[in-house]
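Visitor: One structure coming up, written as structure tokens, with questions to follow.
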Amino acid sequence: MTDTGLSSSLTLPCGVVLKNRCAKSAMSDSLGDGRGNPTDGQVALYSRWAYGGAGLLIVGEVHGDPQYLEKPGNLVMRSDSDHRRFRELAAAGRENNAHLWLQLGHAGALAYPPCGRPVGPSALDLPELSCDAMTLPEIANLPGFFAETARLARELGFGGVQLHAAHGFLLSQFLSPRFNLRGDAYGGGVANRVRLLVEVIEQVRAAVGPDFPVAIKLNSSDGIEGGLGAEDALQMLRILDQTSVDLIEISGGSYFPGAQKQLAQRRSGPYFTEFTLDARNCTEKPLMVTGGFKTREQAELALESGAADIVGMARALVLNPELPQDWMEGKAVQPEFPVFSEAPEGGVTAWYTMKLAEYAGCGPRVDTILARQALELYDQRDQDRVRLWNERFL
Ligand SMILES: Cc1cc2nc3c(=O)[nH]c(=O)nc-3n(C[C@H](O)[C@H](O)[C@H](O)COP(=O)(O)O)c2cc1C
């Protein structure tokens, strides 16, 4: 094995050691069974990623409360879930000495309307999106909810949790001055907007104990007019530095209508390494940077320059699940990113998601299909699962 820096281990503040500096970032793989439980195909895919060499794998959008789902292919982990299935998934992700963490999500205003209840820090009534404002008692209940899901994650064999505070979902909505217009202790200045996230971290930590990884994913900027900007994000990092988080993943962009289309518009990468170099002055926490990594040289440079302690990749590890192993063996492999002309909104993400379905043995070969066709397949599958979800959870 060639030591490229990528293959060196990392000890997190909680004492857990990750075997290398490559992570598969969270992806909402939409491979749940429609009732919130893992499927065989999903277990097989995580086993493949574990042998693919990344030290850290993160499952996207796992929910404690099915009302606030992102999509009906999400996992729901609570006391009445199929724990045997979750244990199988956890075991697959531990293979090859990898770490499998769950990203704990709450879609907030972006909760999937056919099955969910959109809520946010403040009420919204936009043509494309509307939601109710959360009450103070609802906010007070949230940290305990995340904490219980995290406790269960540990009990079922997962290696850590990540709190999703990026991309425009609930915790990210609270951070954003565009979506958080509250006049109480949870809205206004930076310290107030980050308060809920800090409370969630504290209660999650109390539930899982001192030796279990608790991470967060944070936007460097929302890419929305009036949204979270870099200055505020850096100030939030100073506050988060005082918490017990083990790893801060930096990302950016939002799924809110009108947000910059990070994946579609930013063709070259990496996107956020300049921000993470600034972030170093605000926090001593280990940093993971995700977004736009395509080559081994880019990943090595991010580590060598100090921009990151871990490099996260999503699309590259869809295109080549064995990429970290190849890189660490010194192979000159580079994923071939497809170019999508005229992709409709959501089409590119749908294409990558359907590629995961292909690997999991529950979708057609997608290499020759257009983003538009992938979106049709993806939407159709979600529509088919609405009934299952509502039968199970309503
Ligand atoms: C199919 C797909 C699903 C994604 N789902 C999630 C998710 O559930 N949670 C999350 O934090 N990010 C999600 N992302 C964003 C990625 O984690 C990552 O931040 C983004 O794709 C940029 O990294 P990349 O350039 O390596 O793809 C998703 C990305 C893709 C392509």
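Visitor: When you scan region 261-379 for helices (runs of 4 or more DSSP H) that lie fully inside it, which ones turn up with 3 or more residues that are in contact (Cβ under 8 Å) with a residue 12 or more places away in the chain, more than 13 Å from the ligand (Cβ to nearest atom) and within 20 Å of LYS24 (Cα to Cα)?
Guide: Hits in region 261-379: 296-304, 323-328.
Visitor: Also, I was wondering about something else. Please find, within region 154-174, the residue that is surrounded by the fewest Cβ atoms within 10 Å (Cβ to Cβ) out of those that are away from the ligand (no atom under 16 Å from the Cβ) and in a loop (DSSP other than H, G, I, E, B).
Guide: Restricting to residues being away from the ligand (no atom under 16 Å from the Cβ) and in a loop (DSSP other than H, G, I, E, B), the top hit is GLY157.
Visitor: If a residue has to be surrounded by fewer than 22 Cβ atoms within 10 Å (Cβ to Cβ), within 20 Å of PHE169 (Cβ to Cβ), at pLDDT 95 or above and of a type in the set (A, V, I, L, M, F, W, C) to count, how many in region 208-238 make the cut?
Guide: 1
Yes/no per residue for (1) modelled with pLDDT under 95; (2) farther than 30 Å from ASN141 by Cα:
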| position | (1), (2) |
| --- | --- |
| ASP3 | yes, yes |
| ALA23 | no, yes |
| LEU31 | no, no |
| TYR51 | no, yes |
| LEU57 | no, no |
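Visitor: For the condition closer than 29 Å to PRO177 by Cβ, of a type outside the set (Asp, Glu) and either touching a helix residue (DSSP H, G or I) at 6+ places or on another chain (Cβ under 6 Å) or buried (at least 22 other Cβ atoms within 10 Å of the Cβ) (or both), what is the one hit in PRO114, PRO121, PRO127?
Guide: PRO121
Visitor: Does at least one position in region 200-214 carry a residue that is in a strand (DSSP E or B) and within 16 Å of the chain's Cα centre (by Cα)?
Guide: There is at least one residue in region 200-214 that is in a strand (DSSP E or B) and within 16 Å of the chain's Cα centre (by Cα).
Visitor: Of LEU6, LEU31, LEU18, which residue is more than 16 Å from the ligand (Cβ to nearest atom) and either buried (at least 21 other Cβ atoms within 10 Å of the Cβ) or in contact (Cβ under 8 Å) with a residue 24 or more places away in the chain (or both)?
Guide: After ruling out the rest, the residue left standing is LEU18.
Visitor: Taking GLU128 and the conditions (1) out of contact with any Leu (no Cβ under 8 Å at 6 or more places or on another chain); (2) part of a helix (DSSP H, G or I); (3) in contact (Cβ under 8 Å) with a residue 24 or more places away in the chain; (4) more than 23 Å from ILE58 (Cβ to Cβ), which numbered condition does it fall short on, given that it satisfies the others?
Guide: Here GLU128 clears every test but (2).
Visitor: Can you pull out the residues in region 34-46 that are within 19 Å of the chain's Cα centre (by Cα), in a helix (DSSP H, G or I) and not aliphatic (A, V, I, L, M)?
Guide: Answer for region 34-46, where residues must be within 19 Å of the chain's Cα centre (by Cα), in a helix (DSSP H, G or I) and not aliphatic (A, V, I, L, M): GLN42, TYR46.
Visitor: Could you look through region 110-125, keep only residues that are outside any loop (DSSP other than H, G, I, E, B) and touching a strand residue (DSSP E or B) at 6+ places or on another chain (Cβ under 8 Å), and pick out the one that is nearest to LEU394 (Cα to Cα)?
Guide: VAL119
The values are calculated or read from the model by the stated rules, or taken from the named source; none is laboratory data. The shown structure was predicted, so the numbers you read here are calculated from the model rather than taken from an experiment. Note: ideal-geometry Cβ built from the backbone for every residue, glycine included; neighbour counts use all protein chains shown.
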